[in-house]
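Colleague: My questions will all concern the structure given below.
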Protein chains: 2
Amino acid sequence: MKACNHEEEHARAAEQAVRNMPDEESIARVAASFKAISEPSRLKILFALRHGEMCVYHIVEAVGGTQSAVSHQLRLLKAAGIVKARRDGQNIAYSLADGHVVAVLELACAHLHCKI
Amino acid sequence: MKACNHEEEHARAAEQAVRNMPDEESIARVAASFKAISEPSRLKILFALRHGEMCVYHIVEAVGGTQSAVSHQLRLLKAAGIVKARRDGQNIAYSLADGHVVAVLELACAHLHCKI
DNA sequence: TCAATATATGAATAACTGTTCATATATTAG
DNA sequence: CTAATATATGAACAGTTATTCATATATTGA
């Protein structure tokens, strides 16, 4: 494999890329965040929580599926810092962790030219 | 499973969630987009391409790994509409599909409080 | 046309992940 | 304390996916 005829520009970009490449741990964390929101079942939960805090009962109502599956998904989302949980009596109320979540969803939809 | 004592607010949120839930196909497309950028090896490619168009040779130089692995990853990224490709003689020059890609990466990093 | 180079790709394997089922924990009402 | 309810969780299975290896395709120069 040898260089292309854009050698200079591409080589400069490659150099900059190496110099500015985030460390492995940062990349792993970013990857984990996107992985958490890359499954339809979990995305549905996020789209649902856009409309406000909900306990598991209502999340199940909103997105369908079994209570167990939803609970497992919520655990992953919480571990990834995408949603936060708050106990309220017998219930656990879930909500989006911060405004970045909706912002990212909206960017993705804009990218795909689909309205949400 | 019965409703919680936030019945009214949560029930309203759940109703709105059901009414505004994107269709299955939109959700699948959003999920596929995030899945494409949820692997460290592919994220490295995107972080690299922030610095400009590059051919495969230079991408391999910037992110490491084998040519074959990088090529497979590029195929997925292209299929997902995250990067675009342009033939240039013997080389194929890759670049980010649009500004949304960098914007999403920056949002994720802001969310995680890590600088890139 | 032939050799060299850049990139792509099919198959195989190993690792990962989502769902289900059964069960556990925690909270409240009585 | 006991029963009922809400949520969480461990194990197992099925489906998915990233990497490697070998090879194919495409472009260029001679």
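Each reported figure results from applying straightforward, stated rules to the coordinates on display, with no laboratory input. Since the structure is predicted, the reported quantities are computational estimates derived from the model, not experimental observations. Methodologically, a virtual Cβ is constructed for each residue, glycine included, from the backbone with ideal geometry; neighbour enumeration extends over all protein chains shown.
Colleague: For residue A:75, which inter-copy label distances result when the label point lies 7 Å beyond Cα on the Cα-to-Cβ vector, reported in nm to one decimal and in ascending order?
Modeller: Its label point is 3.6 nm from the equivalent points in the other copies.
Colleague: Can you list the residues, at least 5 places off or on another chain, whose amide H is less than 5 Å from the amide H of residue A:92, using H built in the peptide plane?
Modeller: A:56
Colleague: Return the calculated 222 nm mean residue ellipticity for chain A, to the nearest 500 deg cm²/dmol, obtained by summing -39500 (n - 2.57) across DSSP H runs with n ≥ 4 and dividing by the residue count. Numbers along the way, then the final one.
Modeller: Working: 6 runs with 72 residues, N = 116.
Mean residue ellipticity at 222 nm (helix-derived): -19500 deg cm²/dmol.
Colleague: Between residue A:83 and residues 5 or more places away or on another chain, which pairs have amide H atoms under 5 Å apart, with H built 1.01 Å from N, and which residues are they?
Modeller: Correct list: A:78, A:97.
Colleague: Apply the Karplus parameterisation 6.51 cos²θ - 1.76 cosθ + 1.60, with θ equal to phi minus 60°, to every residue of the range B:36-51 and state each ³J(HN,Hα) to the nearest whole Hz, in sequence, with x for glycine and proline.
Modeller: Listing the rounded values in order: 4, 9, 10, 10, x, 4, 6, 4, 4, 4, 5, 4, 5, 5, 3, 8 Hz.
Colleague: So how long is each side of chain A along the principal axes, counting just the alpha-carbon atoms, biggest first, in Å?
Modeller: 64, 32, 25 Å, listed from the longest principal axis down.
Colleague: Multiply the residue gap between residue A:115 and residue A:67 by 0.36 nm, knock off their C-alpha separation, and tell me the result in nm, one decimal place.
Modeller: Values: separation 48, 0.36 × 48 = 17.28 nm, distance 2.86 nm.
Length difference between fully extended and current span is 14.4 nm.
Colleague: In the structure shown, do any of B:35/B:84; A:35/A:84; A:44/B:115; A:84/B:84; A:115/B:115; A:84/B:78 have a Cα-Cα gap over 27 Å, and if so which? Intermediate results must be reported in sequence, preceding the final value.
Modeller: Details: B:35/B:84 17 Å; A:35/A:84 17 Å; A:44/B:115 29 Å; A:84/B:84 36 Å; A:115/B:115 30 Å; A:84/B:78 34 Å.
Listed pairs above 27 Å: A:44/B:115; A:84/B:84; A:115/B:115; A:84/B:78.
Colleague: Return the average number of partner chain Cβ atoms within 10 angstrom of each residue Cβ along peptide B:53-60. Intermediate values should be presented prior to the final figure.
Modeller: On the way: counts 4, 9, 9, 2, 8, 12, 4, 2.
Per residue, the average neighbour count from other chains is 6.
Colleague: If you don't mind, another one. Quantify how strongly other chains surround peptide B:98-108 by giving the mean number of their Cβ atoms within 10 Å of each of its Cβ atoms. Intermediate values should be presented prior to the final figure.
Modeller: Working: counts 2, 2, 6, 2, 0, 5, 8, 4, 1, 8, 8.
So the per-residue partner count for this stretch is 4.
Colleague: I would also like to ask the following. Measuring from a point 7 Å out along Cα→Cβ, what nm distances, shortest first, does residue A:19 have to its partners in the other copies?
Modeller: Listed shortest first, these distances are 5.4 nm.
Colleague: Let me ask another. Kindly express, to the nearest 10 degrees and within the range 0 to 90, the angle between helix A:67-79's C-alpha long axis and the longest C-alpha principal axis of chain A.
Modeller: In chain A, helix A:67-79 runs at an angle near 50 degrees to the longest axis.
Colleague: Which Rg and Dmax, in Å, describe the Cα atoms of the protein assembly as shown?
Modeller: 20.0, 67
Colleague: Mind checking A:19-26 for the average number of partner chain beta-carbons within 10 Å of each residue's beta-carbon? Spell out each step's value before the answer.
Modeller: On the way: counts 2, 6, 9, 8, 2, 2, 1, 7.
Mean partner shielding for this stretch: 5.
Colleague: Using amide H atoms built in the peptide plane, which far-off residues or other-chain residues are under 5 Å from residue B:114 H to H?
Modeller: HN-HN under 5 Å from residue B:114: empty list.
Colleague: Same structure, new question: Distances from residue B:64 to the same residue in each other copy, label points 7 Å out along Cα→Cβ, in nm, shortest first?
Modeller: With the label placed 7 Å along Cα→Cβ, residue B:64 yields 4.3 nm.
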